[in-house]
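The structure appears below as structure tokens.
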Amino acid sequence: MKNITIIGTGYVGLVTGVGLSEFGNNVICTDIDKDKILQLNSEVIPIYEPGLKEILNRNVKSDRLFFSDDISSAIKNSEVIIIAVGTPQTEQGKANMSYVNSVVKSISQNLNNYKIICTKSTVPIGSGKKIIDTLSNDFDEGSNFDYVSNPEFLREGSAVKDFLWPDRIVVGTSSDRAFKIMCDIYRPLYINKNPIKHTTVETAEMIKYASNSFLALKISYINEIANLCELVGADIHDVANAMGQDGRISDKFLHPGPGFGGSCFPKDLESLIAISNEKNLPMETLKAASNANKNQKDRMCIKLEGLVDGGLKNKKIALLGLSFKANTDDIRESSAIDMINFILNKGGFVRAYDPIANGSMSKIFKNISYFDDVYDAIRDTDCIVVMTEWNEFRSLDLPRIKKIMNDNFILDTRNIIDMSELSRLNFVYDNVGRLKI
Ligand code: NAD
């Protein structure tokens, strides 16, 4: 069991720190955001992630998990340093490496004995080599560290489960010593024969981009098939269901919706497009997936405008769901942002409800109304738009809603509301790729 420092205590860093302490390691989670560290030391968890609090508290009580803003001493006292800072998209569509680079600088200033420097942030292929070069130049003895690329595949909303029971762990390193240490920090998984894949650094970096881009592509594909279903009189649920029964296709990521968002798929797709362009090998499939996603977000807005009689001007719209998917408070690149902008530009009013993400969205949109109760948001509105597939929206009390709305329009961009009930109650509704009842 090792002493580990995590640098960057966001969605990935915090879950990684908690998970590795659960595996028996001693972990210090660090961050430059002092407020975040203060919160964590006061037992306040800055993100919403189901199941995280319980495991975090258990490991803090067992003295295996600590939070600190003293990054230098954490580095000095650890054998494994895991970089988990953000790599957001630049205006050119590339990954912004400035946070990673600044972390590498502080690591190089605090390398006091042999360490594993491990990158968990999603970084462009070739970044590991640059990090090794920087550290080798800065570090007196030149080789007293080993470098590992250990990309993370967790999904927000089920991050704890994904980390503790992963499909695979990818360890990219040229050092056998480093590989053994990485197996040691993941020891419970290693013992249980979870596949730990040993690759080169570049291969590990590529696996992450190739996986995320493939999933993004799959979503864009099913969205376009759903759109075509609407025009040819087919039903996307039956189509996707039958497609998914084919083992070669699988039923995962075959759910049509308002276009993918989040902090990973959009930016990782753009980053891989930028990398392939730089290598003079433009990847047409990736560009198509990206364009189809932008079109899908626009299409939802156009659907809304076409659905509501007389357009959106002065109409009150209840927007149900703000996070980019259910079970997270993360609103980065959420389709709800595009929808809100559209409604406001058309002169409509937004009454927003999300069980968790109202606070996050209110930092972007201060001029819309937020509600703590879904029926309060819906009261007196002309139209409901379901943007996120939160479970509570699957069982809305439609007869009650019919009574409290001004008008009777519903756009269900997640296909989670029972169409037969909508028809029975004479709602005017639309969704994505379904045969209307
Ligand atoms: P995040 O924005 O939630 O967290 C990043 C954290 O790093 C923040 O708390 C920030 O304050 C901190 N930070 C920034 N600069 C720092 C510095 N110099 N020193 C210390 N801390 C610093 O980001 P995230 O969503 O956790 O993503 C982190 C990385 O993991 C990204 O590269 C992302 O692409 C990748 N990733 C994310 C997910 C996901 O679902 N969020 C999944 C797999 C991989």
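Suppose the filter is surrounded by 17 or more Cβ atoms within 10 Å (Cβ to Cβ), under 24 Å from Asn227 (Cα atoms) and either of a type in the set (Gly, Ala, Ser) or without any contact (Cβ under 8 Å) to a residue 12 or more places away in the chain (or both); does Gly244 pass it? So Gly244 fails the test. Pull up segment 1-18, narrow it to residues that are open to solvent by 10 Å² or more (accessible area, probe 1.4 Å) and either free of Cβ contacts under 8 Å to residues at least 60 places away in the same chain or within 16 Å of the ligand (Cβ to nearest atom) (or both), then point me to the one that is farthest from Ile83 (Cα to Cα). Ranking the candidates gives Tyr11 first. Taking the conditions (1) within 16 Å of the ligand (Cβ to nearest atom); (2) closer than 18 Å to Thr122 by Cβ in turn, Thr199 satisfies each one other than (1).
Quick grid of which residues meet (1) open to solvent by 20 Å² or more (accessible area, probe 1.4 Å); (2) near the ligand (Cβ under 10 Å from one of its atoms); (3) free of Cβ contacts under 8 Å to residues at least 60 places away in the same chain:
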site	(1), (2), (3)
Leu20	no, no, no
Ile32	yes, yes, yes
Val44	yes, no, yes
Ser68	yes, no, yes
Val80	no, no, no
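Conditions tested, residue by residue: (1) more than 16 Å from the ligand (Cβ to nearest atom); (2) open to solvent by less than 50 Å² (accessible area, probe 1.4 Å).
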| site | (1), (2) |
| --- | --- |
| Gly261 | no, yes |
| Leu269 | no, yes |
| Asn280 | yes, no |
| Ala292 | yes, yes |
| Gln296 | yes, yes |
| Lys316 | yes, no |
| Phe324 | no, yes |
| Asn341 | yes, no |
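Residues of segment 333-371 that are touching a strand residue (DSSP E or B) at 6+ places or on another chain (Cβ under 7 Å), within 23 Å of Gly257 (Cα to Cα) and small (Gly, Ala, Ser): Ala336, Gly348, Ala352. Scoring Ala352 on the criteria (1) more than 16 Å from the ligand (Cβ to nearest atom); (2) among the small types (Gly, Ala, Ser); (3) crowded, with 23+ Cβ neighbours inside 10 Å; (4) assigned to a helix (DSSP H, G or I) leaves a single failure, condition (4). Go through Lys180, Lys130, Lys193 for me and flag whichever is open to solvent by 70 Å² or more (accessible area, probe 1.4 Å), within 18 Å of Ile7 (Cβ to Cβ) and free of Cβ contacts under 8 Å to residues at least 24 places away in the same chain. Just one listed residue meets the conditions, Lys130. One residue stands out in segment 216-231 among those that are over 21 Å from Leu411 (Cβ atoms) and hydrophobic (A, V, I, L, M, F, W, C): the one that is surrounded by the fewest Cβ atoms within 10 Å (Cβ to Cβ), namely Leu217. Residue-level check: of (1) part of a helix (DSSP H, G or I); (2) within 9 Å of the ligand (Cβ to nearest atom); (3) in contact with a Gly (Cβ under 9 Å, 6 or more places away or on another chain), Ile55 misses just (2).
For Ser73, the conditions (1) assigned to a helix (DSSP H, G or I); (2) open to solvent by less than 60 Å² (accessible area, probe 1.4 Å); (3) near the ligand (Cβ under 10 Å from one of its atoms) all hold with the exception of (3).
Checking each residue in segment 133-168 for being surrounded by 15 or more Cβ atoms within 10 Å (Cβ to Cβ), more than 16 Å from the ligand (Cβ to nearest atom) and polar (S, T, N, Q) picks out only Ser136.
The values are calculated or read from the model by the stated rules, or taken from the named source; none is laboratory data. Remember, predicted model here, so these are calculated numbers, not experimental data. Glycine also receives a Cβ, built like all others from the backbone with ideal geometry; neighbour counts cover every protein chain displayed. These accessible areas exclude ligands, DNA and RNA; they are computed on the full protein's heavy atoms, side chains included. Shrake-Rupley method; radii C 1.70, N 1.55, O 1.52, S 1.80 Å.
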